[in-house]
Ligand code: TXE
C-alpha cells in the first residue's frame with residue numbers, strides 16, 4: 001500500500017469476509033443455490049468477497065415478501081409524515097456510514113475514494129433527502145366534469161396517486177450505490193415495496209444499505225435485495241408476475257429485452273440506457289471552461305457514466321489550440337488505485353470491461369486512427385485503461401458511433417455549428433448533450449435543436465435531484481428526478497362522486 005492509500009476500515013474488512021446471503025423480509029437469508037459469484041478488486045484483480053448467485057426460487061421468495069408487505073399496507077398504510085421521518089432517518093444512517101460505504105464502493109467498483117465519498121455517498125444523500133421530502137407532497141387534482149346523465153345529477157371528481165405495487169430495481173455497476181438508491185428511494189417515497197438486484201460485479205453496498213434501512217425503521221419485506229446473474233436472477237425478477245414496475249439502468253440491449261418481457265403483462269417500465277453524448281464547442285467558447293468542464297464530463301469515473309461527453313465537436317478556429325490543451329490535461333492525469341487519494345484516473349470495473357474497451361482501441365489502431373494517450377496504470381494486474389483522445393476518428397471506427405463507456409473521448413474538427421449539430425444528432429442515442437458558447441441566442445438555438453433528454457450550456461454531466469433526467473430515442477423511456485418523479489411510481493386513480 002502506498003502512503004497515499006487509505007487504510008481499509010475494520011468493519012469493511014469484516015463485511016468483505018462475511019458469507020453474504022440475500023436480504024429478504026428484513027434479514028439475511030441463505031440462497032437456495034450453492035453457486036457463488038466472486039467480487040474482485042479492480043485495482044489488483046484479486047478476489048475480495050463473494051455474493052450469492054440467486055436462483056429463480058430465491059427471486060420468487062423475495063418478490064412474494066415484497067408482495068405481502070405491499071398488500072397488507074404495512075408501509076403504504078403509514079402516514080406520509082411517518083414514512084418521510086423513517087426515510088430521513090435512513091439518510092442519516094447512510095451519512096453516519098459514509099466512510100464504510102465509500103470504501104466498499106471503491107474496493108468493488110474501482111473508482112476513486114474521493115469520488116465514492118463525494119458522489120456515491122454525498123450526492124446520494126441529497127437524492128435521499130429530496131425524495132424523502134416528496135413523500136408528504138403526493139397529490140392529485142380536483143376536476144370539473146360534464147357528465148349530463150341522469151338529468152340534474154351533480155358530480156365531484158378528483159384524482160389520487162396510488163403506489164404502483166412491487167417494484168423490481170435492476171442496477172448497473174458504474175454507480176452501484178447511487179443508481180441503486182435512485183430506485184429504492186422513489187419506490188419507498190411513493191409507498192411501493194421493492195426488490196432490488198445490484199450488478200453481479202458490484203453487489204456489496206446494496207446489501208449493506210438494506211441493513212441500514214431496517215435499522216431506520218423500514219418494515220420487513222419492504223426493501224429486499226437479491227444478488228445474482230442477469231440471465232437468471234435479473235430475468236426472473238423483471239418477468240415476475242407480481243412485479244408491477246421495472247426500473248432498469250443498463251445497456252440498451254438488456255433494456256430492450258426487459259421491455260419485451262414486460263410487454264406480455266404490460267408491466268410498467270422506466271429504462272435509463274446508454275448514450276453517445278455530444279458536446280458542441282463553438283468558436284467563441286471560453287477554452288478554460290471547456291477544458292475544466294469536458295475533462296470532468298469525459299473522464300469522471302473513467303468515462304463509465306451514461307451521461308458522459310464522449311464526442312466533442314469543435315469549430316475549426318478553436319480546434320488546434322483546444323486539442324493541445326486537452327492533450328496537456330490528459331497527459332497530466334495521474335493513474336492509480338481508487339484507494340489512493342492522489343490518483344485521478346482509476347481502474348475500470350472489471351477484466352471483461354477492460355478488454356471490451358481494449359477492443360475498441362485495437363480497432364482504432366488497426367485503422368490507423370490518431371490516438372493520444374495519457375499515463376498507463378501501475379504495472380500489476382489491475383484493470384487500467386490510459387485516458388485517451390481520439391482525433392478526428394473515421395466513420396468506419398466502432399468508437400465513432402458505439403458507446404465505449406471508458407476513458408476514451410473523440411475530438412472532431414467541424415467547419416461550423418451546423419455541421420456540429422448534424423453530426424451530434426446523427427446517433428441512435430439521445431441521453432445528454434452540451435453546447436459551449438458565450439452567445440445566449442446560439443446557446444438557446446442549439447439547445448432547441450439537440451435531440452437529447454438533457455442539454456447543458458457551458459457544462460456537462462451535472463445532474464441534480466430537482467432536474468428531470470432520462471433519454472430520448474434509444475437512450476430510454478421515462479424520467480427520473482424532479483418534482484414529478486413519483487408519478488412514474490404511482491398509478492393515477494380517478495374518483496367520480498354523484499351527489
Ligand atoms: O450491462 P447490462 P453490462 C452499457 C455500457 C456497457 C454495456 C454493457 O456501454 O459497456 O452497457 O454493460 C442486469 N434481465 N451500460 O453488460 O447487461 C445485470 O445483471 C434482467 C450503460 O454490465 O445491461 C445488471 O444488474 N436483468 C449503463 C444490469 O442488468 C439483466 C450502465 C446491467 O447490465 C439481464 C452500465 C436480463 N436478461 C452499462 N441481463 C448506464 N445506462 O448507465 C443483465 N441484467
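Every read-out reported here was derived from the displayed coordinates using simple, explicitly stated rules and does not represent laboratory data. Values in this document were obtained by computation on a predicted structure and should not be read as measured data. So basically every Cβ, Gly included, is an ideal-geometry build from the backbone, and we count neighbours across all protein chains shown.
General observations
- Treating r as the C-beta distance of residue 325 and residue 418 and R0 as 41 Å, the FRET efficiency rounds to 0.95.
- Residues of the range 469-494 with an amide N closer than 12 Å to a point placed 7 Å from the Cα of residue 155 along the Cα-to-Cβ direction: 494.
- Across the range 42-199, Cα pairs under 8 Å and at least six residues apart give a relative contact order of 27 percent.
- Among 64, 185, the ranking by other beta carbons within 10 Å of each residue's beta carbon, starting with the fewest, stands as 64, 185.
- Net lengthening on full extension, residue 458/residue 79 (0.36 nm per residue, minus Cα-Cα): 132.1 nm
- Fewest-first sequence of 199, 350, 116 by Cβ atoms within 10 Å of each Cβ: 350, 199, 116
- FRET efficiency for residue 18 and residue 332, using Cβ-Cβ distance with R0 set to 30 Å, rounded to 0.05: 0.15
- Relative to the longest principal axis of the Cα atoms of the chain, the long axis of helix 252-263 makes an angle of roughly 20 degrees.
- Computed lengthening from residue 126 to residue 288, 0.36 nm per intervening residue step minus Cα-Cα distance: 55.4 nm
- One chain, two ends: residue 487 and residue 95. Fully extended at 0.36 nm per residue, the span grows by 138.4 nm beyond their Cα-Cα distance.
- Crossing angle, helix 98-109 versus the chain [Cα axis fit, 0-90 degrees, rounded to tens]: 60
- Mean residue ellipticity at 222 nm, helices only, the chain: -11000 deg cm²/dmol; runs of at least 4 DSSP H residues each add -39,500 (n - 2.57), and the sum is divided by the number of residues.
- Cα gyration tensor shape of the range 161-277, rounded if a/c is under 1.5, else prolate or oblate by comparing a/b with b/c: oblate
- One compactness figure for the range 423-462 is 1.09, namely its Cα radius of gyration divided by 2.2 N^0.38 Å.
- The ranking of 155, 40, 130, 429 by Cβ neighbour count inside 10 Å, starting from the fewest, reads 155, 130, 40, 429.
- Placing a pseudo-label 7 Å from each Cα along the Cα-to-Cβ vector at residue 143 and residue 499 gives an inter-label distance of 1.8 nm.
- Axis of helix 124-134 versus longest Cα principal axis of the chain: the two differ by about 30°, to the nearest ten degrees.
- Those residues of the range 298-312 whose amide nitrogen sits under 14 Å from the label point placed on residue 118, 7 Å along Cα→Cβ: 298-302
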